[in-house]
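Before any comments, here is the structure.
The values are calculated or read from the model by the stated rules, or taken from the named source; none is laboratory data. Computed from a predicted structure; not experimentally measured. Counting neighbours? That spans all protein chains shown, and the Cβs are built from the backbone with ideal geometry, glycine included. Surface areas here come from the heavy atoms of the whole protein model, side chains and all, with no ligands, DNA or RNA. Shrake-Rupley method; radii C 1.70, N 1.55, O 1.52, S 1.80 Å.
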Amino acid sequence: MTNVKQKKKYLLYMVQVHTNFRRAELESLADLYNIDIDFATYSEDSPFFYVELDSDDVARDWIKRSILTRAIYEYWGDGKTLEELHESIKSQPFIEHYKQIYKNDSFKFEFENYRGGSNKYSTKDRIKQIESFGYLQFEGKIDLKKAKQVYTLIEQYEPISDNIAGEKPTHFIFGRLVQTSNRRSVEKFDLKKRPYKGTTSFEAELSLISCNIAQVKFGSFMYDPFAGTGSFLVAGGHFGALVFGSDIDGRMIRGRSLNENISSNFKHYDDSNKFLDVMTMDFTHNALRSNLVIDTILCDPPYGIRESIKVLGARDPERFVGKENIEIDGEKAYLRKDYIPTKKPISLDLLLDDLLNFASERLPINGRLAFWMPTANDENIETIVPLHSHLELKYNCVQEFNKWSRRLLVYINRGPSFNGPTNNGTKRSTTNFRERYFSNFN
Ligand SMILES: C[S@@+](CC[C@H](N)C(=O)[O-])C[C@H]1O[C@@H](n2cnc3c(N)ncnc32)[C@H](O)[C@@H]1O
């Protein structure tokens with residue numbers, strides 16, 4: 001006898017924001033937990049995605065840390081009207097089985113609506129609706145606080161115009177809640193409520209999404225080489241990684257005071273045990289030992305908007321010939337604590353080349369590098385994404401603004417045998433993003 005495990009049908013209810021990033025997040029989380037998902041019916045235009053999965057545990061794993069979904073439900077039925085919905089539920093082959101399993105569990109009903117505006121139903125209407133499900137014959141007690149099973153009626157509306165919601169739902173879906181997503185963390189990590197932040201801080205939602213697409217794992221080691229105020233570090237810590245950052249600007253790393261620095265942010269989120277440390281360091285002169293394996297690299301390199309991109313070194317090295325021996329109070333000047341090293345400008349191309357080279361050397365096979373890169377939306381200028389022969393470019397997710405965009409580039413280290421295309425060491429950008437930004441892209 002073959003033992004083929006029957007899959008169950010689930011409904012994934014997603015959010016209609018950052019849809020360019022949504023599939024990448026869902027795929028990355030599925031891959032992280034070894035879950036096979038058929039995306040054939042997935043559409044960016046819809047918040048609903050029906051999937052077949054092995055079990056509730058698989059559904060929970062997949063969705064528990066997702067940011068761009070709301071929840072996943074065991075599917076019970078759907079229809080254009082409430083009557084059609086009831087007929088659909090009654091006709092499902094699995095329904096008698098489901099009724100038996102959950103019969104004695106405490107339960108409650110919840111209502112969700114998609115594009116319906118504020119709730120149009122009175123409590124009395126809702127009670128009537130709940131009673132119309134009487135044929136399900138639940139015998140458990142109703143528990144509004146700690147119900148074991150939460151049944152959800154999702155109502156979908158077609159808006160009459162951009163600002164006017166439809167009068168009545170045009171579609172009803174009914175299911176048993178299996179797992180809510182991690183979307184509430186977007187509010188928890190909202191920059192407005194963060195003790196230490198600055199002009200470079202990266203918004204919470206996309207920081208968390210970046211961690212998911214980069215597959216930042218519990219107990220792994222994550223590094224942000226351009227840490228600034230540590231936005232990606234706190235997001236990585238939230239997902240259980242041990243995080244470490246560096247930045248050429250010591251002021252960013254140190255913060256404003258004892259209560260306003262990266263470490264105090266971790267305290268605020270009760271994640272101090274995830275924060276390894278930060279250090280002042282030029283990424284291109286990296287001091288991390290070369291055999292240190294870094295599971296994930298996630299960052300937001302300098303765009304050169306507020307200041308030009310700088311690395312340690314002299315613009316005119318001739319000027320410094322012979323000066324390395326200068327001493328102050330018997331100590332070599334460059335070894336003193338108050339020594340401020342000279343810096344020289346570098347192009348974004350060269351910095352990103354360094355980042356890809358570093359990732360190819362330090363990431364384990366299948367480890368991910370994810371970083372944000374800005375681009376001007378000039379029609380006549382092609383965006384050339386950096387490529388490295390060991391790294392597979394897995395995602396290129398674009399966030400569009402009016403005249404510019406930024407993209408999250410995600411690479412997987414496949415090692416030397418991958419032999420992929422490369423443009424490392426070539427000049428790729430034909431425009432200076434900083435100049436275009438300050439000329440308002442005109
Ligand atoms: C776009 S910001 C990143 C901000 C960060 N994500 C945050 O949450 O604040 C880029 C950062 O790179 C740093 N940086 C610039 N050049 C660098 C270099 N050569 N090495 C390391 N950090 C550098 C800047 O000081 C700045 O903090």
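Counting every alpha-carbon pair across the chain, the share separated by more than 28 Å comes to 59%. Segment Lys344..Lys188, full-extension length gain: 52.3 nm, with 0.36 nm per residue of separation and the alpha-carbon distance subtracted. Placing a label point 7 Å from the Cα of Phe94 along the Cα-to-Cβ direction, the residues of region 160-187 whose backbone N falls under 17 Å from that point are 173-180. At the residue level, Val293 shows approximately 80 square angstrom of accessible surface with a 1.4 angstrom probe and all protein chains present. Stokes-Einstein diffusion for region 15-114 at 4 °C, viscosity 1.567 mPa s, with a Kirkwood radius from C-alpha pairs, works out to 83 µm²/s. Full extension of the chain between Lys267 and Ser389 gives 39.9 nm of extra length, using 0.36 nm per residue less the Cα-Cα distance. With all pairs of separate Cα atoms included, region 288-442 yields a Kirkwood hydrodynamic radius of 17.9 Å.
Give the whole-number value, in cubic angstrom per residue, of the convex hull volume spanned by the C-alpha atoms of region 356-442.
Numbers: hull volume 8.3 nm³, N = 87.
So the per-residue Cα hull volume is 95 Å³.
Measuring nothing but alpha carbons in region 8-182 and taking Rh as the Kirkwood radius, the Rg to Rh ratio lands at 0.96.
Approximating the spin labels as points 7 Å out from Cα along Cα→Cβ, the Ile164-to-Gln137 distance works out to 4.7 nm. Heavy-atom accessible area, probed at 1.4 angstrom with all protein chains present, ranks Glu205, Glu318 as Glu318, Glu205, highest first.
Evaluate E = 1/(1 + (r/R0)^6) for Ile328 and Val17, where r is the Cβ-Cβ distance and R0 equals 60 Å; express this FRET efficiency to the nearest 0.05. With R0 = 60 Å, the Cβ-Cβ based efficiency is 0.60. Computed from label points 7 Å out along Cα-Cβ, the spacing between Glu400 and Leu276 is 3.9 nm.
Taking all protein chains as they are arranged and a probe of 1.4 Å, the heavy atoms of Glu27 leave approximately 50 Å² accessible to solvent.
Applying 0.36 nm per residue to the separation of Lys124 and Asp36 and subtracting their alpha-carbon distance, the gain on full extension is 27.4 nm. With all protein chains in place and ligands, DNA and RNA left out, the 1.4 Å accessible area ranks Phe189, Phe401 as Phe401, Phe189, largest first. Take Val186: with every protein chain present and a 1.4 Å probe, its accessible area is about 30 Å².
Comparing Cα centroids, region 1-59 and region 168-220 end up 18 angstrom apart. Taking Cα atoms, how many degrees apart are the long axis of helix 82-91 and the longest axis of the chain, rounded to 10 and kept between 0 and 90? For helix 82-91, the angle is close to 80 degrees. If the Kirkwood radius is taken over C-alpha pairs of region 186-438, then at 10 °C and 1.306 mPa s the Stokes-Einstein diffusion coefficient equals 82 µm²/s.
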